[in-house]
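Below: the structure, in structure tokens.
All of the numbers you see were taken from the coordinates with simple rules; none came from a lab. Since this is a predicted model, take the numbers as computed values, not measurements. Neighbour counts run over all protein chains shown; Cβ positions are idealised from the backbone, glycine included.
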Amino acid sequence: MNGLDSAAPGGTDQLDERLSVAKGVELNYDYTKYHPVDEIYEWMKHMEELNPELISSAVYGQTFEGRNITLVKLGLKNPEIREKQVIWMDCGIHAREWIAPAFCQWFVKEIVQSYKTNAQLEQMLQNLDFYVTPIINVDGYMHSWKDNSTRRWRKSRSSPPPGSTCYGVDLNRNFNANWGTVGVSFDSCSDTYCGTGPGSEPEAKAVMDFIGKMLKKVLCFLTIHSAGQLILLPYGHPQIKAPNYEELVSVGEAAAAEMKKLHGMDYTVGTSPQILYANSGSSRDWARLSGIPFSYTFELRDKGEFSHLLPEDQIEPACEEAYAGALSIISYVHNKHFNITVPNSVGTPFKVTETLLTILSTALCVSITTGLLSG
Amino acid sequence: METGELNPNHYPAQRAAKVVLHYINSHYGSPFKVFILQKVHSGNTEDVANSGRKYQLEISVKEMLSNSTHKCTAEVLFPRGERQSSPEVQVSCEEFEKLNTTKDDEALYQKLKTSTSMLSAQNLPDSHGRIDPEMKPIRHLGIVASSFIMLQESNENTLYSMAQVGNVTQLATDTDELKFDYFVLLHDMVSQDILRWNLQISWSPQEGVKILQQEKLPHCHECKMPPASD
């Protein structure tokens with residue numbers, strides 16, 4: 001009987017089989033449960049080890065309390081050595097929104113489990129790198145796991161400003177996007193406290209600095225939150241409209257339609273001042289203002305019945321619909337940039353190339369000649 | 001502020017509709033009857049001189065346990081004035097008269113009335129959203145009780161829901177109604193605040209829920225829950 005010895009590359013057939021089984025089940029990681037910080041970081045490490053051709057990781061900053069802010073990068077080698085474009089996804093900017101980090105993990109898992117059998121996804125991974133940050137607000141998320149009294153923590157864990165006893169900044173009000181103008185509080189005890197200045201918080205600054213170095217390559221910025229079942233487009237300021245507003249709406253509505261197909265859940269699409277409330281300093285707004293053409297906030301389940309305490313038995317359906325929505329937007333953005341026409345769900349004609357027709361007709365001729373079709 | 005026809009998906013109609021929901025839950029809700037807002041079909045708003053702002057809404061609500069959907073016509077008046085006072089709601093829903101006190105409400109009432117020990121529970125649901133199936137009706141009762149407060153505290157810049165029952169204790173009583181002490185956490189989506197309330201309530205299938213005492217507790221993000229009453 002073989003033990004699971006150190007896995008040397010090119011080991012026995014049985015070892016390969018065990019590794020491929022392990023790949024499929026991700027070392028028994030349960031995606032339908034909420035996981036604390038250390039388990040998520042272990043999972044990231046394992047995903048990278050098990051899928052080296054697809055996944056790498058990077059630390060791009062430190063939280064206030066000095067923890068690594070880590071992303072996993074999903075992408076395949078581009079056969080034509082073309083420069084990759086980037087899709088950004090982050091989860092958990094607000095500590096108590098546990099379904100968000102759960103979704104980032106689900107998203108990675110889905111891609112790992114389907115890219116080898118999904119030609120469209122494989123092509124996207126050759127053209128794009130997906131940068132996924134499972135938890136941005138690591139300190140806050142960790143704090144929300146402490147006990148029942150901390151479960152509803154929202155902000156980061158920066159120390160109180162002079163004269164205050166209240167910790168933390170609302171990271172989604174701290175970005176350099178009309179900072180401090182609307183929908184914020186300057187009271188450090190408030191849950192929407194926007195900090196001492198745009199990017200004053202290391203978590204927000206880490207995102208802006210990292211993406212700032214590759215802005216021209218970033219096609220799409222998705223930031224995942226809960227709750228409310230909304231797809232929010234820029235901007236949070238009621239008097240500012242994005243130049244591609246109509247396109248943002250139609251792409252958002254297509255995503256919401258895909259999400260509804262799965263479990264019948266309604267996701268409302270609009271700007272924050274339309275369907276939620278005005279706000280400033282959000283990461284979504286910063287991304288759009290910086291020139292990233294497609295930028296959305298996803299507010300996942302539910303609509304107030306459990307709010308942030310979403311039961312674990314809803315993780316799977318919530319993630320399935322969120323995946324469909326995210327992929328809908330990513331596919332649109334990819335196809336638009338790379339000039340690809342595909343049949344959509346309404347069944348517009350497939351753009352068949354001359355080459356393909358030649359190949360098909362040749363194959364048909366060959367089959368008839370060799371008697372393959374004669375049964 | 002918009003006047004006239006409202007986009008039903010935008011926040012003004014949605015916030016007013018939530019107020020209607022709080023009214024419905026407080027008046028018609030029970031341990032086995034709890035409503036959620038399913039859809040806002042249409043809305044209209046206008047200023048009413050010397051009174052405040054009136055919303056007229058067509059909405060649908062769903063009763064969670066029976067899965068029945070009901071169309072409702074409602075009016076909400078948010079008063080203007082020096083003193084902050086609660087919105088006034090009028091609503092009529094289709095087929096509400098068919099939703100009578102269920103056998104389950106009666107059975108729960110009898111069970112708690114005749115039990116030798118006083119019911120006591122914490123964290124409904126827990127941090128992972130889990131709740132013991134036997135405690136679900138007690139959480140629903142908490143939603144009904146919270147709905148009185150959420151209705152009372154609502155204005156055009158709030159959107160309340162009950163985040164959690166922190167703890168609940170059954171109190172001794174010599175009346176027909178059962179008596180409970182609830183500590184509830186309410187979430188306001190607009191400010192993102194968590195509000196803490198202590199409520200003493202009575203309930204019976206015949207009389208519904210009544211708020212006997214209410215106390216808003218100080219703001220605190222990391223305070224421990226007040227100890228359960230004896």
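Some points to look at:
- Grouping the Cα pair distances of the protein assembly as shown into 20 Å bins from zero gives a pair-distance distribution of 18, 48, 27, 6, 1 percent in increasing distance order.
- Restricting attention to the range A:66-145, close to 35% of DSSP beta bridges with both partner residues there are antiparallel.
- Between A:CYS220, A:GLY264, A:ALA254, the Cα set farthest toward the positive side of the dipole of the range A:158-278 (charges on each charged residue's Cβ, about the Cα centre) is that of A:CYS220.
- Summing charges over neighbours of A:SER295, with a neighbour being any other residue whose Cβ is under 14 Å away from its Cβ, gives 0 when K and R count +1 and D and E count -1.
- Cβ-based exposure ranking for B:ASP174, B:ASP126, A:ASP285, B:ASP105, in which fewest neighbours within 10 Å come first: B:ASP174, B:ASP126, B:ASP105, A:ASP285
- 5 angstrom amide H check on B:ASN167, placed H, neighbours 5+ away: B:ASN123, B:PHE183
- Kyte-Doolittle mean at least 0.5, axial Cα span of 15 Å or more - DSSP H helices of chain B: B:136-153
- Placing a pseudo-label 7 Å from each Cα along the Cα-to-Cβ vector at B:GLN122 and B:SER51 gives an inter-label distance of 4.8 nm.
- All-pairs alpha carbon distance profile, chain B, 10 Å steps from 0, percent: 8, 32, 35, 20, 5, 0
- Beta bridge orientation in the protein assembly as shown: antiparallel %, DSSP, nearest 5: 75
- Filtered GluC sites (Glu not before Pro), the range A:52-99: DSSP coil and at most 13 other beta carbons within 10 Å: A:GLU53, A:GLU80, A:GLU83
- Here the Karplus relation 6.51 cos²θ - 1.76 cosθ + 1.60, evaluated at θ = phi - 60°, turns the backbone of the range A:75-89 into coupling constants of x, 10, 4, 7, x, 9, 6, 7, 5, 6, 9, 10, 10, 10, 9 Hz, with x for every Gly and Pro.
- Trypsin sites (Lys or Arg not before Pro) within the range A:182-246, DSSP loop, no more than 10 other Cβ atoms inside 10 Å: A:LYS213
- Shielding by other protein chains, B:125-136, mean Cβ within 10 Å: 4
- Over all other residues within a Cβ to Cβ distance under 14 Å of B:THR175, the charged ones net out to -1, with Lys and Arg as +1 and Asp and Glu as -1.
- Each of A:PHE338, B:PHE35, A:PHE103 was scored by other Cβ atoms within 10 Å of its Cβ. Listed from fewest to most, they are A:PHE338, B:PHE35, A:PHE103.
- Surrounding net charge for B:ASP132, when Lys and Arg each add one and Asp and Glu each subtract one, Cβ distance under 13 Å: +1
- Take each residue of peptide A:307-314, count the partner chain Cβ atoms within 10 Å of its Cβ, and average: the result is 5.
- Averaged over B:34-43, number of beta-carbon atoms from partner chains that fall within 10 Å: 1
- Relative contact order (%) - chain B, alpha-carbon pairs under 8 angstrom, separation at least six: 17
- Pair B:ASP174, A:SER250: separation of 7 Å Cα→Cβ label points (nm): 7.4
- DSSP-loop trypsin sites (Lys or Arg not before Pro) across the range B:123-230, with at most 11 other Cβ within 10 angstrom: B:LYS224
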